[in-house]
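Values in this text are rule-based calculations from the coordinates and carry no lab data. None of the values given here were measured: they were computed from a predicted structure. Neighbour counts run over all protein chains shown; Cβ positions are idealised from the backbone, glycine included.
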Amino acid sequence: MSERQLKDISLEEIEALAVGAWILGTGGGGSPYLGLLNLRRLYADGHRVQLMSPLDLDDDDWVAVVSNMGAPLVGQERLADSRSIARAVRMQEELNNIKFRAVMSVEIGGGNGMQALMAAAHLGIPVVDADCMGRAFPEAQMTSVAIGGLRPYPCTLYDPRGIEAVVTKVPSWKWMERASRKICVEMGSIASTSKAPRTGREVKDWGIHFTTTAAIRIGRVVEGANRRHEDPIAAMLASEGGKQLFTGKIVDVERRTTEGFLRGSATIEGSDGDRGDRLKLSFQNEWVVAWRNGEAIAMCPDLICVLDSVNGHAVGTETVRYGQRVTVVALPAPTVLTSARGLEFVGPRAFGYDLDFRSLFSPTEAGA
Amino acid sequence: MKRIGIDVGGTNTDAVLLVDEKVVHSVKRPTTADITSGILDALKALRANPAAAIPVEAVVIGTTHFINAVVQRRHLQKVAAIRIGLPASASLPPFCDWPADLAAMVSGDIFMLEGGHDYDGRPFMPLDTAGLKAAARRIKDKGLHSVAVCSSFSPLDPSCETTAREILADICPDAAVTLSHDLGRIGLLERENAALLNAALNDLAVTTVAAFRKAIADSGLDAPLFLTQNDGTVMQAEIATAFPVMSFASGATNSMRGAAHLSGLADAMVVDVGGTTSDIGQLRHGFPREANAVVEVGGVRTLFRMPDLLSIGLGGGSHVEGTPIRVGPLSVGYRLTSEALVFGGTRVTATDIAVAAGLVDVGDRSRVASLPGTLIDAALADAKRKLEETIDRMKTEAGDVPLLAVGGGAFLVPERLPGVSEIVRVPHGDCANAVGAAIAQVSGEADQVFRELSRNEAIAAARSIAEDRAVQAGAARVSLKTIDVEDMPIAYLPGNALRVRVRVAGAIAEPALV
């Protein structure tokens with residue numbers, strides 16, 4: 001009977017999803033553009049994708065959790081392919097002798113926000129309106145299902161030249177990240193993956209719900225305001241309950257790779273109301289901490305988003321450049337991430353910052 | 001140094017003679033429908049001046065002819081697209097992100113084959129040479145004369161593309177072949193798009209460059225021909241014939257470089273007011289600031305180096321009409337000299353307003369004497385408001401900046417603008433674009449991923465590749481200077497992978513060596 005709850009996703013909604021997912025990527029996750037191209041073609045060929053509420057899953061349903069793993073730069077040469085992500089899902093079915101009821105993205109932020117739809121189009125099953133991050137994060141253990149202590153294995157990895165791999169068993173999510181990352185690097189630093197299958201019960205308990213809808217809503221608000229020549233950022237903040245942190249011009253970008261991550265900082269010189277001040281943004285693939293004149297004013301897991309001041313589109317940590325005019329905003333993190341256990345996985349200390357998490361959106365702050 | 005610079009714009013064709021970096025003479029002639037007779041007119045007029053009766057070392061032409069062909073969907077030919085990199089990327093074939101009309105016009109056939117490389121230089125799959133031979137035979141059978149080849153990670157290892165060229169040369173020797181790694185950057189789809197557009201312009205490039213050559217010869221000159229490219233540097237005509245896409249944005253770049261040269265200012269805002277549009281950009285170290293990443297040409301995403309410009313429909317030929325009064329965006333274009341009031345026409349243009357206001361003295365001033373003062377004031381106020389807004393949007397720093405006003409319609413720029421410290425006008429500023437063409441240097445670029453090298457070693461390696469490419473393109477090696485360096489560590493890759501982009505430029509080598 002839950003069939004009646006399925007909702008067709010229109011191409012217009014997918015276009016909006018690409019804009020919204022890039023904003024929720026908080027600087028990382030890669031651009032959703034190639035995923036959007038895939039979906040445009042799939043829709044032109046007659047494929048359709050349906051969206052399913054996580055609450056409509058039966059407890060014993062199986063849900064595939066997909067992601068495209070690897071370096072965004074490699075993704076610019078080995079283009080995201082919907083059939084590869086579908087194959088990684090099929091591998092899980094063959095391995096575990098199960099049938100998936102639906103598929104969901106491990107992260108809604110960035111390019112991975114589109115992967116579940118690409119797989120779903122080929123598999124003919126719906127996409128669950130949920131993910132495991134509510135944004136983008138750099139590593140597999142930085143998920144709601146890891147915070148929930150759910151089983152981390154098995155994980156399938158697929159490379160289109162015919163390499164199929166499974167990480168059958170690991171003692172922890174961190175080990176899953178390490179083992180699968182090694183395989184991914186050998187595959188050419190990009191792989192289609194299907195993470196440990198989840199039951200309907202697990203998705204209902206630990207999935208971050210309605211994030212596909214949120215990404216579509218954000219994209220619509222931003223593009224709608226652009227069409228009406230209104231301020232897209234103000235419109236998005238009003239819609240999502242976010243806060244503007246700073247506006248200005250990028251005056252310095254420093255990047256380095258350590259342990260395979262893109263780390264560094266971007267410094268913004270204030271303009272308008274922020275003239276005379278500086279905001280420094282530390283990043284590790286995604287924006288992690290915002291420092292105003294040296295004081296941490298926003299931090300992970302709250303979403304720190306750097307947006308083009310004119311059109312409100314996201315600016316990535318790989319594409320941020322001197323001279324860009326940007327507005328930095330914060331959006332509230334899903335509550336599972338800000339719980340005490342959640343902060344162990346995705347709080348500032350998980351990224352090496354000796355800071356006690358203070359949310360811009362906590363009840364005490366809200367009254368201030 | 002004695003050089004002639006020519007800029008072929010939508011309204012005027014300008015020609016200047018530079019001797020030792022000084023403008024000796026300049027002329028402006030209407031652009032003609034066939035382009036080349038306008039160039040010949042301008043060259044003849046320039047040569048009629050006694051100062052120009054000297055041998056010149058080079059003729060440098062800047063033209064928007066090729067980009068206009070794409071935008072206007074004219075003179076494009078069918079292209080066979082060969083993508084090497086399967087089984088990856090199969091769901092996004094060549095032309096997948098093109099506007100449907102342009103794809104239908106250009107796509108002659110599509111071949112997707114196994115091969116290509118990984119980010120670290122390892123072969124991705126063995127190259128499908130049998131498939132390449134079969135593709136070449138079909139290209140020959142279908143009578144296609146232009147082919148674009150794009151292989152994954154070819155900027156790191158072009159061998160799959162060069163093998164494809166050898167096979168094509170063997171089986172269908174009449175076909176012109178564009179290899180994507182010659183056009184640049186990492187980003188398969190955008191690099192492939194550049195190659196496809198380039199291949200679609202092959203016939204037009206051959207005939208256009210031949211016509212340019214003939215115009216030069218007909219004017220009595222015997223000098224090598226260069227064409228300017230997007231980044232404000234030049235390429236030999238033979239290279240331009242093979243790479244027409246490299247000239248796409250040269251017009252605006254030339255005028256900014258010319259403005260810098262004429263004024264001696266290396267850092268300033270520039271407004272180039274032409275017949276139809278005003279282009280506003282920013283000079284940094286004498287070169288235009290570049291657009292951030294992907295640039296759309298005729299609706300196709302590409303990765304050319306393009307100046308970061310805002311264009312507004314405001315120029316000397318702009319229509320003045322409406323309530324309230326608006327200037328532009330419609331323009332009489334190259335018909336200015338027959339349609340404007342001061343030239344005996346019937347349409348009120350921005351030039352007529354400027355003549356009536358005493359800002360410029362062209363044509364027959366008595367024909368605008370009856371224009372009401374309220375109309376003149378309203379039109380000038382509208383032009384000022386448009387310029388003010390656009391300049392503010394392009395500014396990247398607070399505080400007032402100098403503004404260089406150049407181009408044939410520079411008289412529309414008022415003496416004072418908010419946010420502008422001073423308006424700088426220069427002699428020959430109306431031909432700044434032709435000056436920019438004449439002073440252009442030869443460049444070379446490298447964009448590669450290096451592993452297991454220190455940052456300095458990687459940059460040095462990239463610089464050496466860029467320098468070799470510049471020399472190959474006609475630069476004198478001793479004169480080469482680095483224009484910009486960008487390095488970016490790459491996430492999730494082992495071996496301290498570093499992507500380095502280096503661009504160098506230098507003087508045109510002695511003609512004898514060309």
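The number of residues in region B:294-329 being within 14 Å of chain A (Cβ to nearest Cβ), assigned to a strand (DSSP E or B) and of a type in the set (D, E, K, R) comes to 2.
Has region A:295-308 got at least one residue that is more than 24 Å from A:P334 (Cβ to Cβ) and either touching a residue at least 24 places away in the same chain (Cβ under 8 Å) or under 25 Å from the mean Cα position of the chain (by Cα) (or both)? Checking region A:295-308: at least one residue is more than 24 Å from A:P334 (Cβ to Cβ) and either touching a residue at least 24 places away in the same chain (Cβ under 8 Å) or under 25 Å from the mean Cα position of the chain (by Cα) (or both).
Hey, could you check region B:37-57 for residues that are hydrophobic (A, V, I, L, M, F, W, C) and surrounded by fewer than 24 Cβ atoms within 10 Å (Cβ to Cβ) and say which is nearest to the other protein chains (Cβ to nearest Cβ)? By that ranking, first place goes to B:V56.
Scanning region B:31-53 for residues being touching a strand residue (DSSP E or B) at 6+ places or on another chain (Cβ under 6 Å) and more than 16 Å from B:F212 (Cβ to Cβ) gives a total of 4. Between B:T323, B:T337, the distinction of being within 23 Å of B:G9 (Cβ to Cβ) and surrounded by fewer than 21 Cβ atoms within 10 Å (Cβ to Cβ) belongs to B:T337 only. Within region A:111-166, the set of residues being within 14 Å of chain B (Cβ to nearest Cβ) and either without any contact (Cβ under 8 Å) to a residue 12 or more places away in the chain or more than 18 Å from A:A88 (Cβ to Cβ) (or both) comprises A:A136, A:F137, A:P138, A:E139, A:R161, A:G162. The strands (runs of 3 or more DSSP E) found wholly in region A:197-315 and carrying at least 1 residues that are of a type in the set (K, R) and away from chain B (no Cβ under 14 Å) occupy A:243-258, A:278-284, A:286-292.
Residue by residue, here is whether (1) among the charged types (D, E, K, R); (2) farther than 21 Å from B:V449 by Cα; (3) in contact with an Asp or Glu (Cβ under 9 Å, 6 or more places away or on another chain); (4) part of a strand (DSSP E or B) holds:
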position	(1), (2), (3), (4)
B:F111	no, yes, no, yes
B:D141	yes, yes, no, no
B:C150	no, no, yes, yes
B:F153	no, no, yes, no
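Residues in region A:22-30: is at least one more than 14 Å from every other protein chain (Cβ to nearest Cβ), touching a helix residue (DSSP H, G or I) at 6+ places or on another chain (Cβ under 6 Å) and either surrounded by fewer than 24 Cβ atoms within 10 Å (Cβ to Cβ) or not polar (S, T, N, Q) (or both)? Within region A:22-30, one or more residues are more than 14 Å from every other protein chain (Cβ to nearest Cβ), touching a helix residue (DSSP H, G or I) at 6+ places or on another chain (Cβ under 6 Å) and either surrounded by fewer than 24 Cβ atoms within 10 Å (Cβ to Cβ) or not polar (S, T, N, Q) (or both). Check whether at least one residue in region B:250-267 is free of Cβ contacts under 8 Å to residues at least 24 places away in the same chain and away from chain A (no Cβ under 14 Å), and report yes or no. Within region B:250-267, one or more residues are free of Cβ contacts under 8 Å to residues at least 24 places away in the same chain and away from chain A (no Cβ under 14 Å).
Residues are listed down the side, and each one gets a yes or a no for (1) over 15 Å from the mean Cα position of the chain (by Cα); (2) assigned to a loop (DSSP other than H, G, I, E, B):
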site	(1), (2)
A:F100	yes, yes
A:M118	yes, no
A:A121	yes, no
A:G134	no, yes
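Listed here are the residues, each with its yes/no results for (1) in contact with a Phe, Trp or Tyr (Cβ under 8 Å, 6 or more places away or on another chain); (2) more than 8 Å from every other protein chain (Cβ to nearest Cβ); (3) part of a loop (DSSP other than H, G, I, E, B).
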{"residue": "A:L39", "(1), (2), (3)": "no, yes, no"}
{"residue": "A:L55", "(1), (2), (3)": "no, yes, no"}
{"residue": "A:V63", "(1), (2), (3)": "yes, yes, no"}
{"residue": "A:V66", "(1), (2), (3)": "no, yes, no"}
{"residue": "A:E77", "(1), (2), (3)": "yes, no, yes"}
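Each row is one residue, and each column tells you yes or no for (1) crowded, with 17+ Cβ neighbours inside 10 Å; (2) in contact with a Leu (Cβ under 7 Å, 6 or more places away or on another chain); (3) without any contact (Cβ under 8 Å) to a residue 60 or more places away in the chain; (4) more than 22 Å from B:V60 (Cβ to Cβ).
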residue	(1), (2), (3), (4)
B:C431	yes, no, no, no
B:V442	yes, no, no, no
B:S454	no, no, yes, yes
B:A458	yes, yes, yes, yes
B:A462	yes, no, yes, yes
B:D487	no, yes, yes, yes
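Looking only at region B:268-293, residues that are in a strand (DSSP E or B), within 14 Å of chain A (Cβ to nearest Cβ) and among the polar types (S, T, N, Q) come to 1 in all. Out of curiosity, is A:T327 under 24 Å from A:M133 (Cα atoms), of a type in the set (S, T, N, Q) and within 12 Å of chain B (Cβ to nearest Cβ)? Taking the combined requirement at face value, the residue does not satisfy it. Taking (1) within 22 Å of the chain's Cα centre (by Cα); (2) assigned to a helix (DSSP H, G or I) in turn, B:A354 satisfies each apart from (1). Look at region B:75-103: where a residue is more than 11 Å from every other protein chain (Cβ to nearest Cβ) and free of Cβ contacts under 8 Å to residues at least 24 places away in the same chain and a partner is aromatic (F, W, Y) and in a loop (DSSP other than H, G, I, E, B), sitting 6+ places away or on another chain with Cβ atoms under 7 Å, you get B:A103/B:F95. The number of residues in region B:125-143 being within 14 Å of chain A (Cβ to nearest Cβ) and touching a Cys at 6+ places or on another chain (Cβ under 9 Å) comes to 1. Here B:L453 meets the list (1) assigned to a helix (DSSP H, G or I); (2) of a type outside the set (V, I, T); (3) within 14 Å of chain A (Cβ to nearest Cβ) almost entirely, failing just condition (1).
Residue count for region B:358-415, restricted to those that are over 27 Å from B:G436 (Cβ atoms), assigned to a helix (DSSP H, G or I) and of a type in the set (A, V, I, L, M, F, W, C): 7. The criterion of at least 2 residues that are buried (at least 18 other Cβ atoms within 10 Å of the Cβ), acidic (D, E) and more than 14 Å from every other protein chain (Cβ to nearest Cβ) is met by none of the helices (runs of 4 or more DSSP H) wholly inside region B:156-238.
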